[in-house]
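Okay, structure first, notes after.
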Ligand code: NDP
Ligand code: 2IT
């Protein structure tokens, strides 16, 4: 292994000792780009690896708000402005009780590479809070979002930093955040947030983009390996934004989706998931996936625990982890492979542990890596920003077509980078190498900054 790589990894570990997710993300990228370092000895002198892993700015703030019973609650807010090398900081906001500095830093780091792969001018960032939206009333969500934005507004802007959604943040939260921003700034700056509703500047197809994009990438990857989606059995973890629209596109491509989940458990419907029912439960009623059994009594429900996720024991050709990080462990990977899985599509960010990914690759299972495969969401956010700048709208089909073209190009770039560096078919390495090369060259051009 490259000496420079080893030295930097050691330094980063010492500097960020209590950040396991962040270290995992850095380690995965830097391990796979080691061959690029061999051919670019100047990167060491330019401290490329050190600079890429150090955020440009980390903002942490207090978010006080009042719940419906009049109690004052204090949450912590984060915005990690990781890199503005190739465009304004760009990335989602996550509201989930598990949110901490390590998780936001890993997500921000991943975002730099993902955004570079889209080919669009967007830098990398992530933010969020340990606020738990579950069980909160609309008014509580609104008060929280208003308080969050009352601090965040001074750090963002349509040419500076453009947040969007992630876990726990969808069109409702973006609406409350946008309303507060507009009120404080006394100006309509449409491009300051993406994932807006179409009534006030959002883009058609943004809601569908991550899930659809995942399936466009999957189709390209399977086709390149003489396989097709049609007729395949699919399991999808999660039942949120990404999972729902991955399911919709998979079904329209002729696959049979038999299982979906939430953090409590998973449903298995051997006749194929009724997606309209899932949409009603999740998008309209904000309910739990278990409620599927109320109208589909022949489906099965299995409880999950953090160490036992029954969804990965279900026989499937394609597995789409679309919930959260480290969802598929080495044991889960072994079960999926034993059951004949041929492809993994990472809709979530870093959903496979390092060991699980290595096991899939060793077992000749195709892996569509998150940075590339779920980039359709942020790419469509960038298309939303450009529509806002033009004060113009594209139709659903126009945006969908642009999204598809972007995903096809991302696949081509991952494929050719993997071939160039002697790891044909390893799209995990391909994605990391393609993004890293672009970013390293941009850093070289811009001097020490
Ligand atoms: P949503 O909040 O819409 O849905 C999240 C889903 O994942 C829910 O079903 C949730 O279940 C489940 N989930 C979340 N956390 C956990 C956990 N700790 N353990 C088990 N299940 C969990 O989020 P999204 O669909 O937007 O995001 C899903 C993933 O996709 C995330 O990794 C996100 O970073 C990634 N992503 C999202 C993009 C987007 O555009 N939205 C773009 C690219 C990537 P429950 O309701 O029980 O919590
Ligand atoms: O992880 C991601 O790429 C997102 N949550 C979407 C980010 C965005 O800015 O649209």
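Here is how the numbers come out for the structure above:
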item: Single residue of 374, 409, 432, 349 found to be in contact (Cβ under 8 Å) with a residue 60 or more places away in the chain, within 22 Å of residue 111 (Cα to Cα) and surrounded by fewer than 24 Cβ atoms within 10 Å (Cβ to Cβ); result: 409
item: Pairs with Cβ under 8 Å, 6+ apart, first in segment 123-135 and free of Cβ contacts under 8 Å to residues at least 40 places away in the same chain and more than 19 Å from residue 371 (Cβ to Cβ), second assigned to a strand (DSSP E or B) and within 16 Å of ligand 2 (Cβ to nearest atom); result: 132/95
item: Only listed residue being more than 13 Å from ligand 1 (Cβ to nearest atom), farther than 23 Å from residue 434 by Cβ, part of a strand (DSSP E or B) and modelled with pLDDT of 95 or more, chosen from 76, 94, 69; result: 76
item: Among (1) more than 16 Å from ligand 2 (Cβ to nearest atom); (2) buried (at least 24 other Cβ atoms within 10 Å of the Cβ), the one test that residue 334 misses; result: (2)
item: Residue in segment 392-403 that is within 16 Å of ligand 1 (Cβ to nearest atom), in a loop (DSSP other than H, G, I, E, B) and at pLDDT 95 or above present; result: no
item: Residue match in segment 166-174 (condition: more than 15 Å from ligand 1 (Cβ to nearest atom) and touching a helix residue (DSSP H, G or I) at 6+ places or on another chain (Cβ under 9 Å)); result: no
item: Sole residue being under 21 Å from the mean Cα position of the chain (by Cα) and more than 26 Å from residue 230 (Cβ to Cβ), chosen from 249, 282, 290; result: 282
item: Residues of segment 223-244 classified as surrounded by 20 or more Cβ atoms within 10 Å (Cβ to Cβ) and farther than 18 Å from residue 266 by Cα, total; result: 2
item: Residue ID - nearest to residue 83 (Cα to Cα), chosen from residues in segment 141-165 that are part of a strand (DSSP E or B) and away from ligand 1 (no atom under 16 Å from the Cβ); result: 161
item: Whichever residue in segment 334-357 is in contact with a strand residue (DSSP E or B) (Cβ under 7 Å, 6 or more places away or on another chain) and more than 16 Å from ligand 1 (Cβ to nearest atom) and, among such residues, is farthest from residue 233 (Cα to Cα); result: 336
item: Counted residues, segment 217-242 - those being away from ligand 1 (no atom under 14 Å from the Cβ) and outside any loop (DSSP other than H, G, I, E, B); result: 9
item: Members of segment 245-254 that are assigned to a helix (DSSP H, G or I) and surrounded by fewer than 24 Cβ atoms within 10 Å (Cβ to Cβ); result: 248, 249, 251, 252
item: Candidates 381, 386, filtered to the one that is within 16 Å of ligand 2 (Cβ to nearest atom), surrounded by fewer than 21 Cβ atoms within 10 Å (Cβ to Cβ) and either free of Cβ contacts under 8 Å to residues at least 12 places away in the same chain or in a helix (DSSP H, G or I) (or both); result: 386
item: Cross-chain or 6+ apart pairs with Cβ under 6 Å, segment 201-223 first and within 11 Å of ligand 2 (Cβ to nearest atom), then not in a helix (DSSP H, G or I); result: 206/195; 210/374
item: Segment 97-122: number of residues that are crowded, with 24+ Cβ neighbours inside 10 Å, within 12 Å of ligand 2 (Cβ to nearest atom) and in a loop (DSSP other than H, G, I, E, B); result: 2
item: Selection from segment 255-278 of residues that are within 12 Å of ligand 1 (Cβ to nearest atom) and not in a loop (DSSP other than H, G, I, E, B); result: 260, 261, 265, 266, 267, 278
item: Qualifying residue in segment 294-302 (condition: surrounded by fewer than 22 Cβ atoms within 10 Å (Cβ to Cβ), part of a loop (DSSP other than H, G, I, E, B) and within 23 Å of the chain's Cα centre (by Cα)); result: no
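The values are calculated or read from the model by the stated rules, or taken from the named source; none is laboratory data. Keep in mind the model is a prediction, meaning the values are calculated, not measured. When we count neighbours, we look across all protein chains shown, and the Cβ atoms used for this are built from the backbone with ideal geometry, even at glycine.
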